[in-house]
Amino acid sequence: MYNIEEIKDLIKAVDDSGISELEVTGETNTGLVIRKKPEGVMQQVEIPATQAAPQPAPAHHSQPATQKEGGQQQTPPEDPNVEQITSPMVGTFYRAPSPDADAYVQPGDRINESSVVCIVEAMKLMNEIEAEIEGEIKEILVENGELVDYGQPLFLVKK
């Protein structure tokens, strides 16, 4: 089992090197694979489902970025009081903990830094995504069950 600091060290080593992929297998046949995207951005760290590990925190940005919606590029309105919650990994976006449960958040809901806003499933691991910002959900930018990329905006939040 790898702790989060060991995983961060391995990610940094891959990022700083010329290699594009690193696979490490432990004595108990558990392991992880770290792949670098061509632009140098790290992709999902893969850990078998029996080895749950903490996931990196979501990034949020004051400056709106473009995102895909219906196959078109759109830019959210520029408002200095609006921040984005972005996906910390590649995976499948889910608004609720299960299909029959209520969504974590709806537009108009107030959130704080520790509010869980969604789940991103990656490698059969359900990763709860915390807001890490305080404010009001203004817009949900992706559909339930949609595939999301690393850094893709998921929510707009008014501070």
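Readers should treat all values here as calculations from the given coordinates under stated rules, not as data from a laboratory. Predicted model only: the values in this text are computed from it and were never measured. All Cβ positions, glycine included, derive from the backbone under ideal geometry; neighbour counts span all protein chains shown.
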Inset, instruction - Output the peptides 124-134, 139-149, 106-116 sorted from most to least packed, where packing is the average of other Cβ atoms within 10 Å over each peptide's residues. - result: 124-134, 139-149, 106-116
Inset, instruction - Taking H placed 1.01 Å from N in the peptide plane, check which residues at least 5 places from GLU139 or on another chain put their amide H under 5 Å from its amide H. - result: LEU156
Inset, instruction - Would you grab the residues whose amide H sits under 5 Å from the one on SER115? Only those 5+ places off in sequence or on another chain, please, with H modelled 1.01 Å from N. - result: ALA131, GLU132
